[in-house]
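The next block holds one structure in the form of structure tokens; read it before the comments.
Computed from the coordinates by the stated procedures, all read-outs in this text should not be read as laboratory data. Keep in mind the model is a prediction, meaning the values are calculated, not measured. Ideal geometry is used to build each Cβ from the backbone, glycine not excepted, and the neighbour counts take in all protein chains shown.
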Amino acid sequence: MHRALILFLGIPFAFLITISTIAKGQIKKLKVTSFNSYFLYDEIGDSHKFPKDRKHRTEEDFAKIKKIILSNHPDIIGFQEIENETALHHIIINEYECTATVTPGYSQELGLCWKKELGKPIISELEQLSIRPGLRKGLLAEFNFDGRKVSVLVVHLKAGHSPKDKKERKEQILALKDILPSLGKFVLLGDFNEVLERRVDLLKILQRNLKLKIANYKQKSDCWQHHDGFIDYLITNMDWQQGSFVQTKFESDDGNFDGNPSSEKGLSDHCPVSAELLLER
């Protein structure tokens, strides 16, 4: 009787394993998110290090950011402006695995987190985007979904409005133009520090013959001070699920990132952007 019970219980267990394995090989779409986290520090031993004027994060701040980031249940999240991989674990749960770029000294790093069930991607840093010391590299992850390679590239292009800033951003776009064709199927995400709808010249450089689709192209941004348009983008040479794009606002977002209420400054001047990527069409 005892042996029969074990056999009986073993059948559904084996069934669940089989279904899980099949489901993993039949991933048809992924929820992808990008978020500039306003220089996310873990606040461990950094009181006298750069940047001295960064905003101190409390556990309450981390909890609010985590709530917003995970509210759409993303499969893959690209981050900009983090201190290091350790800092990400303040706003991520154990369901995810994470990595980050590493630069000597203290700088604004890029991060990437993905659900562990997606498997372990091949991770590399793209130095080509750091066209001079001080400019950020790219972070590349190559996933394999049942024999289908999909690359995820996280970027954070040069900030600023001076002629030099704009020139360096364009040089980074030119570097991306050379990188993208070698990636096969890809998602390019991050903070471009440009409203791309207004920079047709930059879009043409990126497009080439890639037939790019931008999830939030010509969508309206109502996050904090970015009322004039998005600078965070989700771009692919595959397809986005129609109508899946969403920008997730913080509860305290009153349209002005001015420190009123004071809780604003513990969060971010950006809002996460998300969309569903179609792996099969």
> What area, in nm² and to one decimal, does the C-alpha convex hull of the stretch 123-201 cast on average over all directions?
Replying inline: 5.6 nm²
> So what are the chain's ellipsoid semi-axes, whole angstrom, largest first, if each one is the square root of 5 times an eigenvalue of the alpha-carbon gyration tensor?
Replying inline: 33, 24, 18
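Taking 0.36 nm per residue of separation and subtracting the Cα-Cα distance, what length does fully extending S162 through L135 add? Each step should come with its number before you reach the end.
Working: separation 27, 0.36 × 27 = 9.72 nm, distance 1.52 nm.
Going from the current span to full extension adds 8.2 nm.
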>> Could you tell me the extents of the stretch 83-233's C-alpha atoms along the three principal axes, largest first, rounded to whole Å?
In response: 41, 36, 33
>> For the chain, take the longest principal axis of its alpha carbons; what is the angle in degrees between that and the long axis of helix 163-179, to the nearest 10 within 0 to 90?
In response: 30 degrees
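List the relative contact order of the chain as a percent without decimals, with contacts defined as Cα pairs under 8 Å and 6+ residues apart.
Values: 529 pairs, mean separation 57.7, N = 281.
Computed value for the chain: 21 percent relative contact order.
Taking K and R as +1 and D and E as -1, what net charge do the other residues with C-beta under 13 Å from the C-beta of D61 add up to?
Numbers: positive: R54, K55, R57, K64, K66, K67, K265; negative: D42, E43, E59, E60, E251, E264.
Spelling it out: positives minus negatives among the neighbours equals +1.
Measure up K29/K149; K29/K170; K220/K249; K137/K164; K31/K213 against 21 Å on the Cα-Cα distance and list the ones that go over. Kindly include the intermediate steps, with their values, before the conclusion.
Numbers: K29/K149 14 Å; K29/K170 32 Å; K220/K249 13 Å; K137/K164 18 Å; K31/K213 15 Å.
From K29/K149; K29/K170; K220/K249; K137/K164; K31/K213, over 21 Å: K29/K170.
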